[in-house]
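A short write-up of the structure that comes next.
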Amino acid sequence: MPPTHSLGEIGALALLLAIAVGTDARSRRIPNLLVLVGVIIALGTHYVAIAVGSSSLPGEYWWAPLAGLAAGFGLLLPLYLLRAMGAGDVKLMAMVGAFIGFPAILTATLYTMVAGGVLALLFMLGRGVAAQTINNLRFMLTSLAVRISTGQGGSLEPLHTTAARMPYALAIAVGTGAALLWPLGIYS
């Protein structure tokens, strides 16, 4: 459990994630302003904690939230480039990284991927889009294999028919909460 002085940081992060989940569920978008405000709050609370001689959730170093931000962004960027995730999700994970720092963002990302997989299965089954999702996956992998074997590169073609867009902010919120409650300690 984090020290009590981190509870303010955790509360702010929880509130921002709750807002992100709500907007993502409603409009399938995560506002840039929300992410920007979150990063400013994460940096501000961290630097105030350092100035008063207290510890902060991302760590004791001035660069800790910046390392978390960069790692959070970098860990999900490949999924955005593969068109498996929206840019807002990548930016939201970067904001989470600014709050919790590196290497804790590694655990949060791992838990987020697990939560995302479970939510994706529930979403597919609940929306009745499992068949379309499987067809899309087959098309993407076949297209990728053909492009690589013919020397055209490994880029993916946009799909003509998408199954559905899942609000991934919920997976990020669940994964972040799980990482704060059950840190893995794989980076100690």
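The values are calculated or read from the model by the stated rules, or taken from the named source; none is laboratory data. In this text, all values refer to a predicted model and were calculated from it rather than measured experimentally. A quick note on method: Cβ atoms are made from the backbone with ideal geometry, for glycine too, and the neighbour counts reach across all protein chains shown.
In table form, for the structure just shown:
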| item | result |
| --- | --- |
| Exclusive hit being under 23 Å from Ala84 (Cα atoms), at pLDDT below 95 and either of a type outside the set (A, V, I, L, M) or in the same structural domain as Leu75 (by TED's automatic domain parsing) (or both), set Ser188, Ser143 | Ser143 |
| Selection within segment 81-103 - crowded, with 17+ Cβ neighbours inside 10 Å and free of Cβ contacts under 8 Å to residues at least 60 places away in the same chain | Val90, Ala94, Gly97, Gly101, Phe102 |
| Within segment 81-112, tally of residues that are assigned to a helix (DSSP H, G or I) and either within 23 Å of Gly8 (Cα to Cα) or charged (D, E, K, R) (or both) | 19 |
| Criterion: surrounded by fewer than 18 Cβ atoms within 10 Å (Cβ to Cβ), under 22 Å from Val39 (Cβ atoms) and not aliphatic (A, V, I, L, M) - qualifying residue of Gly74, Gly117 | Gly74 |
| Within segment 18-53, tally of residues that are surrounded by 14 or more Cβ atoms within 10 Å (Cβ to Cβ) and either over 15 Å from Pro167 (Cβ atoms) or not basic (Lys, Arg) (or both) | 19 |
| Subset of segment 23-59 [under 20 Å from the mean Cα position of the chain (by Cα), farther than 16 Å from Leu69 by Cβ and part of a loop (DSSP other than H, G, I, E, B)] | Arg28, Arg29, Pro31 |
